[in-house]
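The values are calculated or read from the model by the stated rules, or taken from the named source; none is laboratory data. All of these numbers come straight from a predicted model, not from anything done at the bench. Reconstructed Cβ throughout: ideal geometry from the backbone, glycine too, with neighbour counts over all protein chains shown.
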Amino acid sequence: MKMKKIVTILLAAIMILSLAACAGGNEPAGDSDSNTTSQSGSEGSKTSEESRQSGETPSNAADSADSSPDQEPEGIKILVAYFSATNNTEGVAQKLAEGLGADLYKITPEQPYTDEDLDYGDSDSRSSVEMNDPSARPAISGSVENMEQYDVVLIGYPIWWGEAPRIMSTFMESYDFSGKTLAAFCTSASSGFGSSDSALRSAADGANWLDGHRFSAGASADDVMEWANGLGIN
Ligand SMILES: Cc1cc2nc3c(=O)[nH]c(=O)nc-3n(C[C@H](O)[C@H](O)[C@H](O)COP(=O)(O)O)c2cc1C
């Protein structure tokens, strides 16, 4: 009887010690979980690394953010590049650049176009001669600094005889647009966008082209941003 009592006391003591040991063992795990969601320290990274190794997807936003601080995508860099002989396209380009927070680049002819040059009623005018010669490449003054930095380039021009002016081909052939997203926009008196960007497209191997758009000379900021926002680039 006395022996039975001793055994009972011993068993009770063992159970109490085991319970105490279990409770103590759970504490660090609990701490580790809370660090994962609230800190970007090594515990969080370790948890994500464990997830990656086991093929799991990190299950919460804090975990994902902790695991890839240097993999966060930087902002998309956009350039609006345009040629404008009488400033209509320039107005659209400026509104686009402002609305998108993009850089703006004016394609400036080495030899500026005079009123006589732009006389489309004269078959001998400079613009008529250039547009009658698909191989014409009017020279550009200056260049885009560091074109590599841009993910998206929006390209603007006036419609000349249903097409983009030849100086736009000079521009397109001056840079490597592969891997970039491109979209053209234009202004005109009445012509639609049509296939005015076809020469531009064929000069940009490996680019991803989005649908272009024609604006009237007096297009508002709302008009241009409606198109820009529909491109899905910002
Ligand atoms: C040489 C030349 C050809 C043109 N051809 C067309 C045309 O085919 N269709 C049209 O609707 N407008 C035509 N226009 C009008 C321009 O596209 C329009 O005025 C445009 O908004 C001018 O843009 P900018 O001020 O940026 O140069 C032509 C203008 C010029 C100077």
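General observations
- All conditions but one from (1) over 25 Å from Asp117 (Cβ atoms); (2) among the charged types (D, E, K, R); (3) surrounded by fewer than 15 Cβ atoms within 10 Å (Cβ to Cβ) apply to Asp133; the one that does not is (1).
- Only listed residue being in a helix (DSSP H, G or I) and either closer than 24 Å to Gly101 by Cβ or under 23 Å from the mean Cα position of the chain (by Cα) (or both), chosen from Glu226, Glu145: Glu226
- The set of residues in segment 178-198 being within 16 Å of the ligand (Cβ to nearest atom) and either among the aliphatic types (A, V, I, L, M) or not assigned by TED's automatic domain parsing to the domain that holds Tyr82 (or both) consists of Ala184, Ala189.
- Check on Ser127, more than 28 Å from Ala221 (Cα to Cα), in a loop (DSSP other than H, G, I, E, B), small (Gly, Ala, Ser) and within 12 Å of the ligand (Cβ to nearest atom): no
- Residue in segment 89-124 that is nearest to the ligand (Cβ to nearest atom), counting only those that are β-branched (Val, Ile, Thr) and outside any loop (DSSP other than H, G, I, E, B): Thr89
- The set of residues in segment 192-204 that are of a type outside the set (Phe, Trp, Tyr) and either part of a loop (DSSP other than H, G, I, E, B) or exposed (fewer than 14 other Cβ atoms within 10 Å of the Cβ) (or both) comprises Gly192, Gly194, Ser195, Ser196, Asp197, Ser198, Ser202, Ala203, Ala204.
- Residue within segment 157-177 that is within 16 Å of the ligand (Cβ to nearest atom), free of Cβ contacts under 8 Å to residues at least 40 places away in the same chain, over 15 Å from Phe215 (Cα atoms) and of a type in the set (D, E, K, R) present: yes
- Residue match in segment 205-220 (condition: in a loop (DSSP other than H, G, I, E, B), modelled with pLDDT under 95 and within 16 Å of the ligand (Cβ to nearest atom)): yes
- From Ala228, Ala221, residue being in contact (Cβ under 8 Å) with a residue 24 or more places away in the chain, surrounded by fewer than 20 Cβ atoms within 10 Å (Cβ to Cβ) and of a type in the set (A, V, I, L, M): Ala221
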